[in-house]
Each structure stands twice: as structure tokens, then as C-alpha cells.
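Asker: Provided herewith is a single structure, encoded as C-alpha cells, for subsequent inquiry.
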Amino acid sequence: AQSVAQPEDQVNVAEGNPLTVKCTYSVSGNPYLFWYVQYPNRGLQFLLKYITGDNLVKGSYGFEAEFNKSQTSFHLKKPSALVSDSALYFCAVRALSGNTPLVFGKGTRLSVIA
Amino acid sequence: GAVVSQHPSRVICKSGTSVKIECRSLDFQATTMFWYRQFPKQSLMLMATSNEGSKATYEQGVEKDKFLINHASLTLSTLTVTSAHPEDSSFYICSAPHWGNSYNEQFFGPGTRLTVL
């Protein structure tokens with residue numbers, strides 16, 4: 001079975017500082033890994049994905065994530081946080097094979113303080 | 001990227017009525033679509049997998065007679081919440097996968113906020 005763990009319910013960071021939102025996963029075989037962001041009363045917005053290739057993936061709005069197979073992690077990072085980055089962030093995983101749905105972590109609320 | 005639409009975006013209904021939510025893939029065909037439900041401040045939970053031309057597959061604990069799913073065509077899936085009750089109030093999100101070629105991801109609709117009075 002696939003699963004995702006986001007160990008932090010809330011992450012607070014000062015504007016301009018680097019941010020990290022943690023994610024670890026469990027899946028049989030090779031994973032597809034995703035990060036999505038959700039603003040209040042809105043749907044999901046795609047940020048980035050890892051399928052194969054470079055372990056460091058760059059995505060939208062200056063976000064990036066690093067795939068670490070040995071630690072089964074896919075942490076989301078940004079060098080300099082903006083107040084507008086404040087939102088709910090979801091990590092998701094699916095197995096590389098088959099037409100299976102994404103499984104989501106519980107979400108991490110990011111609050112960037114001016 | 002590919003686009004998935006949902007209609008309506010928001011619905012308020014009285015307890016006991018039925019509500020239909022439509023999910024469309026606008027520029028690609030989707031033989032499979034997924035329906036998720038999100039309660040306030042919680043994650044997305046998969047409810048069911050909608051399959052074109054066959055019965056939907058429901059996750060454990062989801063009542064198939066209450067949440068009727070019909071995948072009428074390669075671009076349309078509908079979720080009908082029958083005899084809705086206040087505890088069914090939630091944010092419902094559909095999704096269509098587009099694996100292969102240049103996309104390799106699951107595209108999400110904007111969601112439908114259901115409030116049952």
C-alpha cells in the first residue's frame with residue numbers, strides 16, 4: 001500500500017528566510033512524487049513532480065524538492081519565503097506502474113510572517 | 001497542461017435532497033477519474049474510482065448507494081450525493097489522470113463546496 005507522511009501540521013517561517021516542508025513516502029516499486037498547494041476555498045495547484053532523472057526537481061513559484069531514495073523523502077524547499085506562499089501544502093505519491101490514484105499526505109500549513 | 005472542470009463550484013441544499021456534481025476533462029480523454037472528499041483542515045481522501053463503461057470502485061467505508069457515480073463518456077464523470085445530510089457537507093474534488101506522453105500527472109478540478117442545511 002502507498003502512504004505519505006507529512007510530520008508537521010504547521011510550519012512558520014519569516015519572510016525572506018528559507019523554508020522546508022517535509023515529506024516521506026512508502027510505495028512498492030519506484031514512485032511518482034508530487035507537491036500541490038491549496039489556498040483557502042480553492043482547488044489544488046500543481047507545484048512540481050518527480051518521476052525519473054535528477055533528484056532535484058524545480059517547480060512553480062521558485063519551489064524545488066529533492067528526491068532521496070535512501071531516506072524515502074521528498075522535502076519541499078524554497079530559498080526565500082514570501083508572505084504569499086502562506087497556504088496548505090500536500091505531498092502525494094503513486095506507484096510508477098498501473099492506473100492508481102494519488103495518495104495524499106495530511107497536509108502542512110505554511111505560514112510566512114512578514 | 002490539461003484542464004479538468006467541475007460544476008457546480010458551490011451548492012447549498014436542504015437535507016434529504018440529491019445533488020449532482022459533474023467532472024469533465026476538457027482537452028483529453030479520461031477512461032478513469034477519481035473522486036476525493038476533503039473535510040475542513042483535513043487531507044484529500046479518495047472516495048471512488050470512476051471507470052468509463054463499467055462500475056465505479058469504491059474505497060472502504062464509502063457507501064456506493066449514497067454516492068452514485070456514473071462515467072457516461074470519455075470526458076464526463078458525475079457524482080450524485082443522494083439524500084444528502086449535513087454530515088455530507090464537504091469539499092468534493094474530482095481528478096483525471098493523464099499518464100504517459102508529456103503530462104504524467106493527475107489533473108484536478110477546482111472542487112465543489114457542498115453545504116447541506
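Asker: Could you check the spin-label model distance between A:Ile113 and A:Leu56? Points 7 Å from the Cα along Cα→Cβ, value in nm.
Answerer: Spacing of the two 7 Å Cα→Cβ label points: 3.0 nm.
Asker: Quick one: Cα convex hull volume of the protein assembly as shown, Å³ per residue?
Answerer: Cα convex hull per residue, to the nearest whole number: 122 Å³.
Asker: Rounded to the nearest 0.05, what FRET efficiency do B:Lys64 and A:Ala1 have when you use their Cβ-Cβ distance and R0 = 22 Å?
Answerer: With R0 = 22 Å, the Cβ-Cβ based efficiency is 0.55.
Asker: Counting partner chain Cβ atoms within 10 Å of every residue's Cβ in B:27-39, what's the average?
Answerer: Counting Cβ atoms of other protein chains within 10 Å of each residue's Cβ and averaging gives 2.
Asker: Sticking with this one: Excluding ligands and nucleic acids, what accessible area in Å² is computed for A:Asp9 using a 1.4 Å probe, to the nearest 10?
Answerer: 100 Å²
Asker: Just by accessible area at a 1.4 angstrom probe, what is the order of B:Tyr92, B:Tyr58 from largest to smallest?
Answerer: Correct descending sequence by accessible area is B:Tyr58, B:Tyr92.
Asker: May I pose another question? Take the range A:1-70, compute every pairwise Cα distance, and split them into 10 Å bins from 0; I just need the percent in each bin.
Answerer: The calculated distribution, bin by bin, is 16, 48, 32, 4.
Asker: Quick one: if you stick a label point 7 Å off each Cα along the C-beta vector at B:Leu76 and A:Val83, how many nm between them?
Answerer: Each label point lies 7 Å from its Cα, and together they span 4.6 nm.
Asker: Considering only protein heavy atoms, what per residue accessible area in square angstrom results for the range A:10-114 with a 1.4 angstrom probe?
Answerer: Per residue, the range A:10-114 has an accessible area of 45 Å².
Asker: Mind grabbing the interface size between A and B? I mean buried accessible area, both sides, 1.4 Å probe, in Å² to the nearest hundred.
Answerer: 1600 Å²
Asker: Note down the nm distance, to one decimal, between modelled labels 7 Å out along Cα→Cβ at B:Asp27 and at A:Ser28.
Answerer: Rounded to a tenth, the inter-label distance reads 3.6 nm.
Asker: In debye to the nearest 20, how big a dipole does the range A:1-94 give about its Cα centre with +1 on each Lys and Arg Cβ and -1 on each Asp and Glu Cβ?
Answerer: The dipole of the range A:1-94 has a size of about 240 debye.
Asker: Also: In chain B, carbon and sulfur make up what percent of the accessible area (probe 1.4 Å)?
Answerer: The value for chain B is 49 percent carbon and sulfur by accessible area.
Asker: Order B:Met45, B:Met33 by their accessible area, 1.4 angstrom probe, all chains in place, largest first.
Answerer: B:Met45, B:Met33
Asker: Note down, for the range A:21-114, the three equivalent ellipsoid semi-axes (square root of 5 times each alpha carbon gyration tensor eigenvalue), biggest first, whole angstrom.
Answerer: Square roots of five times the eigenvalues give 23, 15, 11 Å.
Asker: For the range B:1-106, just the Cα set please: Rg and Dmax, both in angstrom.
Answerer: 13.7, 44
Asker: Further question: Rounded to the nearest 10 Å², what accessible area does B:Val62 have for a 1.4 Å probe in the complete protein model?
Answerer: Solvent-accessible area, nearest 10 Å²: 30 Å².
Asker: So, one more: How big is the accessible area of B:Val3 in square angstrom, nearest 10, if you roll a 1.4 angstrom probe over the protein chains?
Answerer: Counting only protein heavy atoms, B:Val3 exposes about 60 Å² to solvent.
The values are calculated or read from the model by the stated rules, or taken from the named source; none is laboratory data. Just so you know, these numbers come straight off a predicted model, no measurement behind them. Cβ atoms come from the backbone with ideal geometry, glycine included; neighbour counts cover every protein chain shown. Just the protein is used for accessible areas: all its heavy atoms, side chains included, with ligands, DNA and RNA removed. Shrake-Rupley method; radii C 1.70, N 1.55, O 1.52, S 1.80 Å.
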